[in-house]
Amino acid sequence: MGSLHVDQVTVEFPLGPNTPPVKALSNVQLEIQQGEFVVALGASGCGKSTLLNLLAGFLSPSTGQIKLNGNIVAGPGADRAVVFQKHALLPWLNVIDNVAFGLKLRGIGKSERHEIARKHLKQLGLEAFETHPVYQLSGGMQQRVGIARALASDPEILLMDEPLGALDALTREKAQELIIRIWKESSKMVFFITHSVEEALFMGTRLIVMSPRPGRITHTFDLDFSKKFLAGADARAVKASPEFIGMREQVLKIIFGDEEASGGDHV
Amino acid sequence: MSEQKKPPSNPFFGSLFKIKPTKPGEVYGVPGQGDSLLISAISALCLIGFWSLATWAGWIKPLFLPSPIAIFNKFVQVSTEGFAEKTLFEHTRISVLRVFGALILACATAIPVGLAMGMSRVMRGIFDPPIEFYRPVPPLAYLPLMIVWFGIGELAKVLLIFLSIFAPVAIGTRSGVRSAAIEQVHAAYSLGASPWQVLTQVILPAALPEIITAVRIGMGVGWTTLVAAEMVAATSGIGFMVLSASQFLQTSTVIMGIFIIAAIAYAFDMLMRFLERKLVPWKGHA
Ligand SMILES: Nc1ncnc2c1ncn2[C@@H]1O[C@H](COP(=O)(O)OP(=O)(O)OP(=O)(O)O)[C@@H](O)[C@H]1O
Ligand SMILES: [Mg+2]
């Protein structure tokens, strides 16, 4: 059973000799168990990406520590795959070679890595685009290639920073459903950042709401809307149910409260 | 705020900046759109026509400007009979070999140096002073020194061209290192890449478009330098042919040589553009 522990983590960014550092995260405590889908919501600048960069190993905490299966995270690694908002694919490789890129880095032979990649392309409905150049795909398809690439290296946890933020509404809802299905099949841990309250409630098994200055987790909710969807309920029906709407308004109130408290500096 | 802004009244600038609503296929407000090939062809034909007229009517003496026909005849003559004991083809071949030799040498050294400079603070610190020192100096200014050191043989010429290509290629490669998006680099690390794999499989391919552009610029600089060097110290090559023909007042050979120099430079550039399309089809899409 895999698990991820964030233990009393604080992150401070130095700004210069005469200015106090930015407290991007303050005393963050978080635990993710195998099969959990944790969603992070919060006003811009509350430290969501900072937390994700910590989990990915791109950033080391000022104090505290992060452990994956009991081992301290000390840098990026293939056990924690990242899906970025901007797809970050490699345009000189075609679709299948992008998906197989992580396997190639590990020295897995071409036919074997293509076989694994093909399986994930199929899972994401991209089997017809194997040999296409990635820059000819639509934004939604590129994002699916990015997810397939992350899955192909069989990580313990998927880290996603607003992966659907740049998609149109319809593509976005389809992608949400796809990601939930894949998560259920693979039972991996997921840490997912979004700005959409609806997306967060629909997809997660747990929601953390963060507040800025200093960045911290202020609320945690357990969710079961994705279970209803996976049990066969229609996605729109789930999102239109009274419980869902009630929850949505409750979370929105918290986030708007933060915005007002901090002067409402929208960017 | 109900008053509408009047468009600028100057019709020339108005049409230049496409400030009128555009036709389908054009974009509003983008200057200089549309295909200019036909206009260029007409322009070239007019120039040649005017040249023919001026020489035919005797406005200019053939000593200063022979007619286009005379130039073509000279081309045929030098191609078959040769100039200074070598045919036109041989002169051209020698010049092209000198440039390509120097280009290959320069790519083999400048690309690794440029990569190292882009990747490492220490390397940048080491290579910046010499490159920035000699780069702005015209190659002909240090040609005398090269001749003192290496004589008037091939070595001095190839080294001179090599130096003129080295700087632009190294500098272009160095700035190309920054073309990889930080997300691409992070994605590779989070897929388990080692720093060496990130260099060879992410940074180098991402830098390739800029490297090719740099080589293309280097090629142009190298060709210019070569022709100049051949005019100073050589017994063969296109530049030599042009200079020594001028000393015998063979103006038609001079002009013919200039056309050959231009044609080869153009062919080089076409070759590089072709390679660019083949090697980096994703350029501009990424
Ligand atoms: N490299 C850095 N140097 C200095 N300050 C930083 C740096 N990265 C982030 N910060 C600061 O840390 C805080 C949290 O940033 P972070 O990017 O984690 O926010 P976020 O919640 O992801 O915001 P968004 O929703 O806009 O993506 C912000 O105040 C930001 O200005
Ligand atoms: Mg962010």
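Okay, here's what the table says:
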| quantity | calculated |
| --- | --- |
| Counted residues, the stretch A:174-212 - those being closer than 30 Å to residue A:21 by Cβ and surrounded by fewer than 17 Cβ atoms within 10 Å (Cβ to Cβ) | 1 |
| Tabulated pairs, the stretch A:82-111, first within 10 Å of chain B (Cβ to nearest Cβ) and closer than 29 Å to residue A:195 by Cα, second among the acidic types (Asp, Glu) and not in a helix (DSSP H, G or I), C-beta under 7 angstrom, 6+ apart or interchain | A:84/A:161; A:85/A:161; A:85/A:162 |
| Strands (runs of 3 or more DSSP E) completely within the stretch A:10-93 that count 1 or more residues being open to solvent by 20 Å² or more (accessible area, probe 1.4 Å) and more than 16 Å from ligand 2 (Cβ to nearest atom) | A:22-33, A:63-68 |
| Among residues of the stretch B:251-286, those that are farther than 30 Å from residue B:180 by Cα and either among the acidic types (Asp, Glu) or touching a residue at least 40 places away in the same chain (Cβ under 8 Å) (or both), counted | 9 |
| Residue match in the stretch A:24-44 (condition: in contact (Cβ under 8 Å) with a residue 40 or more places away in the chain, within 25 Å of residue A:180 (Cβ to Cβ) and of a type in the set (Asp, Glu)) | yes |
| The stretch A:156-168: number of residues that are surrounded by fewer than 24 Cβ atoms within 10 Å (Cβ to Cβ) and either at pLDDT below 90 or not hydrophobic (A, V, I, L, M, F, W, C) (or both) | 7 |
| Matching residues, the stretch A:158-176, being in contact with a helix residue (DSSP H, G or I) (Cβ under 7 Å, 6 or more places away or on another chain) and either touching a residue at least 60 places away in the same chain (Cβ under 8 Å) or away from ligand 1 (no atom under 16 Å from the Cβ) (or both) | A:158, A:159, A:161, A:163, A:166, A:167, A:171, A:173, A:175, A:176 |
| Unique match (being at negative phi, in contact with a Lys or Arg (Cβ under 7 Å, 6 or more places away or on another chain) and either modelled with pLDDT under 95 or within 14 Å of chain A (Cβ to nearest Cβ) (or both)) among B:194, B:190 | B:190 |
| Test result for residue A:153, among the hydroxyl-bearing types (Ser, Thr, Tyr) and more than 16 Å from ligand 1 (Cβ to nearest atom) | yes |
| Residue in the stretch B:162-181 that is within 14 Å of chain A (Cβ to nearest Cβ), part of a helix (DSSP H, G or I) and crowded, with 21+ Cβ neighbours inside 10 Å present | yes |
| Exclusive hit being surrounded by fewer than 17 Cβ atoms within 10 Å (Cβ to Cβ), in contact (Cβ under 8 Å) with a residue 24 or more places away in the chain and among the charged types (D, E, K, R), set B:121, B:93, B:135 | B:135 |
| Test: residue in the stretch A:184-193 that is part of a strand (DSSP E or B), more than 13 Å from every other protein chain (Cβ to nearest Cβ), more than 16 Å from ligand 2 (Cβ to nearest atom) and touching a residue at least 40 places away in the same chain (Cβ under 8 Å) | yes |
| Residue count, the stretch A:121-141 (criterion: more than 11 Å from chain B (Cβ to nearest Cβ) and either open to solvent by 20 Å² or more (accessible area, probe 1.4 Å) or farther than 14 Å from residue A:178 by Cβ (or both)) | 12 |
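Yes/no per residue for (1) part of a helix (DSSP H, G or I); (2) hydrophobic (A, V, I, L, M, F, W, C); (3) open to solvent by 30 Å² or more (accessible area, probe 1.4 Å):
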| residue | (1), (2), (3) |
| --- | --- |
| B:189 | yes, no, yes |
| B:215 | yes, yes, no |
| B:221 | yes, yes, yes |
| B:225 | yes, no, no |
| B:253 | yes, no, no |
| B:270 | yes, yes, yes |
| B:275 | yes, yes, yes |
| B:278 | yes, no, yes |
| B:283 | no, no, yes |
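Per-residue answers, yes or no, for (1) among the charged types (D, E, K, R); (2) under 14 Å from the mean Cα position of the chain (by Cα); (3) outside any loop (DSSP other than H, G, I, E, B):
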{"residue": "A:167", "(1), (2), (3)": "no, no, no"}
{"residue": "A:198", "(1), (2), (3)": "yes, no, yes"}
{"residue": "A:207", "(1), (2), (3)": "no, yes, yes"}
{"residue": "A:218", "(1), (2), (3)": "no, no, yes"}
{"residue": "A:233", "(1), (2), (3)": "no, no, no"}
{"residue": "A:237", "(1), (2), (3)": "no, no, yes"}
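The values are calculated or read from the model by the stated rules, or taken from the named source; none is laboratory data. All figures in this text were calculated on a predicted structure; none of them were measured in a lab. Counting neighbours? That spans all protein chains shown, and the Cβs are built from the backbone with ideal geometry, glycine included. Protein only, heavy atoms only, side chains kept; ligands, DNA and RNA dropped before computing areas. Shrake-Rupley method; radii C 1.70, N 1.55, O 1.52, S 1.80 Å.
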